[in-house]
Amino acid sequence: MIDDTDKKHLIRCIELAQEALDNGDEPFGSMLVAKDGRVLFEDRNRVSNGDQTRHPEFAIAKWAAQNVPEAERKDAVVYTSGEHCPMCAAAHAWVGLGRIVYAASTAQFTSWRAELGAQPGRVRPLTIQEVIENTVVDGPVEEFAERIKALHVARYRMANVQQ
Ligand SMILES: [Zn+2]
């Protein structure tokens, strides 16, 4: 159910994730696309300023609440390089956005982190469907896994050099 248009948007999300990494943030990128295919908003992770809630999917939910009429939100699609965390999944549902397409899953991140020897975080690694209901969710897209994993391995190595 992932078509070429979906993949094109996911590739842009991965570019945004790379931009985040290059700026010292965690490598995640996301975008909001209207029913007619217009890109409404895009953002990337911005946690390096010390606010750990600066996830792009959370920024999208807040942007949509301010800028997209409520009736149009259910037809807007969120594309993201990594599956929503519970905070972002809840925000997505609270503001009434539609389908979610992600490139890499939380389960993949969890296994990659374990391979690197990283400690699990305090937020449980739930799937989107464990957090919200009545939402079409597509992902992961296996062909992007290696590229995304490489971003996260690079991030992990950078973070550990800094400590
Ligand atoms: Zn999040």
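Computed from the coordinates by the stated procedures, all read-outs in this text should not be read as laboratory data. Being a predicted model, the structure only gives us computed values, none of them experimental. Glycine also receives a Cβ, built like all others from the backbone with ideal geometry; neighbour counts cover every protein chain displayed.
For every helix of n ≥ 4 consecutive DSSP H residues, a contribution of -39,500 (n - 2.57) applies; sum these over the chain, divide by its total residues, and give [θ] at 222 nm rounded to the nearest 500 deg cm²/dmol. Result for the chain: -14500 deg cm²/dmol, rounded to the nearest 500. Within the range 78-98, name every residue whose backbone N is under 12 Å away from a label modeled 7 Å from Cα of ARG124 along the Cβ vector. What the label zone holds, given the 12 Å backbone N cut-off, is 86. Inter-part distance, the range 60-96 to the range 142-161, computed on C-alpha centroids, equals 25 Å.
Per the Kirkwood formula applied to alpha carbons, the range 5-89 shows a radius of gyration over Rh ratio, Rg over Rh, of 0.96.
A Gaussian network model of the chain, with springs between Cα atoms under 10 Å, assigns the largest mean-square fluctuation among SER30, SER48, SER81 to SER48. Extension gain for the segment ILE2 to ALA34, taken as residue separation times 0.36 nm less the Cα-Cα distance, is 9.9 nm to one decimal. Computed over every Cα-Cα pair of the range 99-141 and binned at 5 Å starting from 0, the pair-distance distribution P(r) comes out as 5, 19, 26, 23, 16, 8, 3, 0 percent. Straight-line reach from LYS35: taking Cα to Cα under 26 Å and skipping same-chain neighbours fewer than 8 places apart, the lysines in range are LYS7, LYS8, LYS62, LYS74. Three semi-axes describe the equivalent ellipsoid of the range 40-105; taken as square roots of 5 times the Cα gyration tensor eigenvalues and ordered largest first, they are 19, 14, 10 Å. Residues within the reach of a label modelled at LEU116 (point 7 angstrom out along Cα to beta-carbon, backbone nitrogen below 15 Å), restricted to the range 56-86, are 82-83. Please report the base-10 log of the normalised intensity I(q)/I(0) for the chain, using a Debye sum with one equal scatterer per alpha carbon and no solvent, at each q in 0.12 (1/Å). Those come out to -0.47, one per q.
Note that the range 118-163, at 37 °C in a medium of 0.692 mPa s, gets a Stokes-Einstein diffusion coefficient of 245 µm²/s from its Kirkwood radius over C-alpha pairs.
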